[in-house]
Amino acid sequence: MTALGLTPILNVSNLADSFAWFAKLGWEKSLEWGDPPNFGGVSSGECQIFLCVNAQGGRGRGDNARTFGPDGDESADRGVWMSLWVANVDALHQRCLKHGLDITWPPTNMPWGVREMHVRHPDGHVLRISQTLSRH
């Protein structure tokens, strides 16, 4: 098999709220379907994520404040974890702070050669946002 694309589908509790949450990250609504709408999509560059109200996967926010580190819990959230790659983690971190998003891991240089932060969607989906560190 040769995959030609991959689009994750997130189970969300509210489509309009999810569109608004992704807009705070700089993503745009790309698709809305149903009457009333119960399926949609958001996009950024060549990447797209589908959003499905109350179906197609699980969701659920844990009680954890951190997803990594000594006080973190990687298994508390019941939503999807996704790894997203950007050019500048710190700029996106500032955008997340400005919009009051739930940052569960601050920008950190990780031993596997990336600078990474985590931000959590209200339905418990965690976005691992990374940039590759220069190797000198």
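Values quoted throughout were computed directly from the atomic coordinates according to the rules given, and no laboratory measurement underlies them. Not measured: the values here are computed from a predicted model. In this analysis, Cβ positions are derived from the backbone assuming ideal geometry, glycine residues included, and neighbour counts consider all displayed protein chains.
Before moving on, here are some points about what is shown:
- For segment 88-100, 3J(HN,Hα) per residue [Karplus equation, 6.51 cos²θ - 1.76 cosθ + 1.60, θ = phi - 60°, Hz, x = Gly/Pro]: 8, 4, 5, 5, 5, 4, 4, 5, 5, 4, 4, 9, x
- For segment 9-132: relative contact order, % (alpha-carbon pairs under 8 angstrom, 6 or more apart): 23
- Other-chain or far-sequence residues with amide H under 5 Å of THR104's (modelled H): HIS118, VAL119, ARG120
- In this structure, HIS99 and LEU6 have a Cβ-Cβ separation that, at R0 = 30 Å, corresponds to a calculated FRET efficiency of about 0.65.
- Angle in degrees between helix 15-25 and the longest Cα principal axis of the chain, rounded to the nearest 10: 30
- Database remark: amide H of MET110 closer than 5 angstrom to the amide H of ARG115, GLU116 (H placed geometrically; neighbours at sequence offset of 5 or more, or on other chains; Pro and chain starts carry no H).
- Segments 117-126, 8-17 sorted - mean Cβ within 10 Å per residue, highest first: 117-126, 8-17
- Largest-first ellipsoid semi-axes for the chain, taking √(5λ) over the Cα gyration tensor eigenvalues, angstrom: 25, 18, 15
- Relative contact order computed over segment 49-117 (Cα-Cα under 8 Å; 6+ residues apart), in percent: 24
- Extending 7 Å from the Cα toward the beta-carbon at both ARG66 and ASN14 defines two label points whose distance is 3.0 nm.
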